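Below: one structure, written as structure tokens.
Here, each number is a calculation from the coordinates, and none is a lab measurement. These figures come from a predicted structure and were not determined experimentally. Because the Cβ atoms are built from the backbone with ideal geometry, glycine has one as well, and the counts that use them run over all protein chains shown.
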Amino acid sequence: STSSPATKKCFNCSKLGNLRCSKCKGLCLCGRDCQVATWKSHKHLCKAISRNPNATCLLLDGMGPLGPGEFYAQNVQKSLQYAGVEVAVVNVLKGSKVPEQVGSILSEVEKFSSCIILGWGSGGCDIETEFGNSKIFRDKAVSWVNSGGRFIVQGERPQGYGNWPEWFGKSWESSDYFRTDYACNGKSDNDIHWCKWYHKAKGAVTTTRYNAKTVMLSGVAPEDNLFSTSDDSRSYSLVPMMSGRDIEGGQSAVAVGKYGEGSVSYFGDVNAEDETCDVMAIIARGK
């Protein structure tokens with residue numbers, strides 16, 4: 001561990017400490033005893049963080065029903081690489097107090113400008129509830145976003161796992177679940193979405209019709225709705241009775257909302273479409 005002013009609480013015992021993990025720099029500690037006591041639960045995350053010293057994106061994997069390392073994580077990593085974003089991948093199923101550790105990492109490690117959470121709300125494991133119920137993670141994540149961090153969630157049913165959009169003052173709720181076409185609301189400076197740099201970014205997806213099977217959101221303000229259904233959106237399905245249904249306009253497949261100096265995003269695509277992963281990578285990279 002390395003020394004720093006004794007102005008922060010020890011992750012293990014909450015006393016003021018002047019040490020921090022020498023590898024990841026993300027946990028504050030008060031002494032050798034707490035360092036040893038914490039290492040067993042911290043080593044998996046610590047090694048993942050330290051493996052790529054150039055990482056600017058923290059990718060949390062393992063919440064989805066298929067577990068860590070599945071196709072969604074692989075596709076997102078490919079898009080991040082193409083976008084020039086270095087990533088540190090963390091398996092959230094390893095270790096203990098993982099939400100609290102992640103919160104500490106975001107708070108203490110300056111190199112991370114974006115955090116992607118895959119599968120949150122998909123009902124894959126108990127860790128989803130742990131993240132939703134962790135006040136430490138919530139408070140540190142909100143503070144980090146307010147200071148400029150980009151918080152990105154792919155998943156379903158946000159209100160069922162801590163209602164994380166509410167942390168950022170968003171009234172986003174899950175609604176329809178269909179494959180349909182979505183219109184981009186950030187194709188030009190004249191579009192309603194607040195993120196005016198998006199359409200100018202290298203690799204930006206601004207196609208008239210983005211098609212994906214998603215768990216949509218309702219309650220998304222127009223200026224936060226990057227890809228939404230239109231009045232003429234219809235469902236696609238191999239099952240005849242599920243195909244051709246009218247889809248209510250204004251529902252969101254990709255929501256990107258401003259919060260403080262940063263942003264909070266939701267991606268409802270369940271199949272890791274190439275366009276979805278490319279948009280996610282661009283939001284993670286920023287301008």
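Given the convex hull over the Cα atoms of the stretch 200-242, what projected area results after averaging over all orientations, in nm²?
Taking a quarter of the hull surface, the average projection is 4.6 nm².
Would you mind putting 39-52, 213-226 in packing order, based on average other-beta-carbon counts within 10 Å, highest first?
Highest to lowest by the protection proxy: 213-226, 39-52.
Note the full-extension length gain between Trp197 and Glu223 as 0.36 nm times their separation in residues minus their Cα-Cα distance, in nm to one decimal.
8.0 nm
Give me the number: length gained by fully extending Asn133 to Asn211, i.e. 0.36 nm times residue separation minus the C-alpha to C-alpha distance, one decimal in nm.
Length gained, Asn133 through Asn211: 24.7 nm.
Each label point is 7 Å from the Cα along the Cα-to-Cβ direction; what then is the distance between the points at Asn271 and Gln159, in nm?
It is 2.7 nm.
Given Cα positions, please report Rg to Rh for the stretch 112-195, the hydrodynamic radius being the Kirkwood one.
So for the stretch 112-195, dividing Rg by the Kirkwood Rh gives 1.00.
Taking the simple approach of a point 7 Å from Cα along Cα-to-Cβ for both Arg234 and Ser96, what is their distance in nm?
Taking the simple label geometry, Arg234 and Ser96 are separated by 5.6 nm.
So what is Rg over Rh here for the stretch 1-148, counting just Cα atoms and using Kirkwood for Rh?
With Rh from the inverse mean 1/r over Cα pairs, Rg/Rh is 0.96.
Given N residues in the stretch 177-226, what is its alpha carbon radius of gyration divided by 2.2 N^0.38 Å?
1.17
R0 = 41 Å: FRET efficiency of Tyr177 with Lys258, Cβ-based, nearest 0.05?
0.95
Where does the chain land on the Kirkwood hydrodynamic radius, alpha-carbon pairs, in angstrom?
With all distinct Cα pairs of the chain included, I get 19.4 Å.
Suppose a student asked you for the relative contact order of the stretch 40-188, using Cα pairs under 8 Å spaced at least 6 residues apart; what percent would you report?
Contact order relative to length: 25 percent.
Take Lys287 and Lys40, extend 7 Å from each Cα along the Cα→Cβ direction, and tell me the distance between the two endpoints in nm.
For Lys287 paired with Lys40, the spin-label model returns 4.8 nm.
Hey, how much of the P(r) for the stretch 242-287 falls beyond 12 Å, as a percent of Cα pairs?
70
Using only the C-alpha atoms of the stretch 109-261, find the volume of their convex hull and express it per residue in Å³.
In the stretch 109-261, the Cα hull volume divided by residue count equals 126 Å³.
With no solvent and one point per C-alpha, what does the Debye sum give as log10 I(q)/I(0) for the stretch 177-287 at q = 0.18 Å⁻¹?
Results for the stretch 177-287 at q = 0.18 Å⁻¹ read -0.83.
So how do 20-26, 99-105 stack up, highest first, on mean other-Cβ count within 10 Å?
Taking the mean over residues of other Cβ atoms within 10 Å, the ranking is 99-105, 20-26.
Over the stretch 108-163, what relative contact order in percent results from Cα pairs under 8 Å that are six or more residues apart?
57
Lys and Arg at +1, Asp and Glu at -1: add these up for the other residues within a Cβ distance under 10 Å of Gly26 and post the number.
+2
Show me the ranking of peptides 140-152, 65-77 by mean Cβ neighbours inside 10 Å, starting with the highest.
140-152, 65-77
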